[in-house]
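The values are calculated or read from the model by the stated rules, or taken from the named source; none is laboratory data. What you are looking at is a predicted structure, and each value in this text was computed from that prediction instead of being measured. Backbone-built Cβ (ideal geometry, glycine too); neighbour counts: all protein chains shown.
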Amino acid sequence: MSGWDDLGGMKAALPEQGNSGETAGAAVEHTKAPNGDWGQKTQNNYDEDDRDVEWEGNARVYEWDGEEGDIGPEHPKLEFELFGNPETRDPQGIDFSKIANIRVNQEGLERIQPINSFKDAGLHPAMLRNVELCGYKIPTPIQQYCIPAIKMGHDLLAIAQTGSGKTAAYLVPILNHLMGKAKKLAAPRPSPQDADCGTRICAEPLVVIIVPSRELAIQIFNEARKICYRTMLRPCVVYGGSPLGSQIDNIRRGCDVLIGSPGRLIDLMERDNVLSLRRVKYMVIDEADEMLHADWEEEFNKILSGGDQEEGNVKYMLFSATFPTAVRKLARTHLAESYVFIKVGRVGSTHENIKQDVIFVDPFMKKQALLDLLYSLKPARTIIFVNSKRTADELDDFLFNKELPCTSMHADRTQREREDAMRAFRKGTTPLLITTGVTARGIDVRNVMHVINYDLPSMDHGGIQEYVHRIGRTGRIGHHGLATSFYTERDEPIAKLLTMTLMETKQEVPDFLEQYKPEEKDISKFKFEYDTDEEDPGENGNAWGTSAGNGNGNSDANGDAWGSGGGAGAGNGNSGRNDAGGWNGSGDW
């Protein structure tokens, strides 16, 4: 695959495109062959035997061997496996000019003084070394405020854009605080040798991180494997679709940091001598707005209050890209009155490091337009978003038959197929990933240069929020990225909000969207329908299950929500709630 992993940036990978034409042909010329070597296509053959499957949740972690001391010795082989080749390591980009200027608002009884560098954060030398190994050079705005806030012992509600470095913003300070106390606070555990002989104990994590989807759980677990390196803290992950017995065996070997989807966590908590939350010191809810559905309130509260801890002994942290009523209620219910509220940028916005092109395409010409677009670009990791599982399958077959190395994933795929698809995409063996909204949030894959909205999100399933989450898969943490969207006449409901988003991020507005420009010329005063900063309709009622503002949710005069609509509370993906991570039909237990 010539030049694949050697791409130096957007200029090397993606040529400039026009976006003001009335048809796809105005932006992309018809070509008969790719402009570069995309590599060889591959096809997975699955049998019914899962015994030799390489599950992501079983990836190697640094094992505490019980020796004296609070910091483990270096492990060069594992270090290379976790962090990669030092010469090619670059998870953080170099252009922070747009991100650094994002406005940060904070509320609370105590003002947080932001850090300007990781060296100013008071981190243990071993933790600072882990940060350096991860390739993090400059703290992002959310990290500048969250790291000192968590270090000071505050409960936290943080609202930040996708791709802003939220995971490291809470993992680094939490693990830094616990690393010297691991042997004092952690539950007894078998040595690696005893564990290999079958010794098992009840898992009693110090940190629990709740996430809405399997892919996000795996992503955070892989990040935790790095941050936990040499700290004596053992990370584990549990999620639906993979063997339950294997996950139970893994957490019983010792589990200090547990990442999991709600259904699987509840399942393990209800089993005898498998999982106890009585030692939990930190409870983190990541992508909170994706999980707050009315039918999950009881289970969610059970997780959040699932231990025997004394009041005040658990620090609660909510991270979200939007701020719907249900997130506000959750904060009022579980966070301490002195919690810190940090908001980075406008709720639901994106940033200028992502170049957004919108192309008008006739519906029956979409496949040809996609092929022309891919052929016109140099090979680069590309995510293609569609609105249904059927379209994902059809597009996968179409590109595969055009000899392009592609893979696809959606909620009807088995967990093994989903993990294989993500693994192949990360490695670059299949640089084209076709997916529904199942990966729209939280997935951080290195060097995703291009996102294509083959289908723009409908207003009934995420709308402009979904658009922002999707394009946020590129241009992450200081990198540049390109997002190309195919616009058809059927997309008129999203046209106004899409036009305002382009204007807000100083993008070119194509001719066919000019008619949707708002009369208000001051961009700072644009009113996006999903902004909920000024109103809280559930203040006096039950906020669970409400939409974020652009769905069909309704509330009665008392603020009691009775519809979940299509906003943040209804999930991503146009093939229904299961495509948002799937807690019912997709078996995320």
Those residues of the stretch 504-515 which are crowded, with 17+ Cβ neighbours inside 10 Å and at pLDDT 90 or above amount to Q507, V509, P510, F512, L513
The residue from I142, I174, I147 that alone is modelled with pLDDT of 95 or more, part of a helix (DSSP H, G or I), outside the structural domain of Q465 (by TED's automatic domain parsing) and touching a strand residue (DSSP E or B) at 6+ places or on another chain (Cβ under 8 Å) is I174
What do you reckon, is R253 more than 19 Å from the chain's Cα centre (by Cα), over 28 Å from G472 (Cβ atoms), without any contact (Cβ under 8 Å) to a residue 24 or more places away in the chain and part of a loop (DSSP other than H, G, I, E, B)?
no
Regarding A411, is this residue among the small types (G, A, S), more than 20 Å from S261 (Cβ to Cβ), outside the structural domain of E290 (by TED's automatic domain parsing) and in contact with a Ser or Thr (Cβ under 9 Å, 6 or more places away or on another chain)? no
With criteria (1) in contact (Cβ under 8 Å) with a residue 40 or more places away in the chain; (2) part of a loop (DSSP other than H, G, I, E, B), M422 comes up short on (2)
Taking the stretch 282-302 and keeping only residues that are crowded, with 19+ Cβ neighbours inside 10 Å and either more than 23 Å from A203 (Cβ to Cβ) or modelled with pLDDT of 85 or more (or both), one is left with Y282, M283, V284, I285, D286, E287, A288, D289, E290, L292, H293
Those residues of the stretch 226-250 which are in contact with a strand residue (DSSP E or B) (Cβ under 6 Å, 6 or more places away or on another chain) and either outside the structural domain of E132 (by TED's automatic domain parsing) or not in a loop (DSSP other than H, G, I, E, B) (or both) amount to P235, C236, V237, V238, Q247, N250
Among residues of the stretch 150-162 being assigned to a loop (DSSP other than H, G, I, E, B) and surrounded by 17 or more Cβ atoms within 10 Å (Cβ to Cβ), the residue farthest from the chain's Cα centre (by Cα) is H154
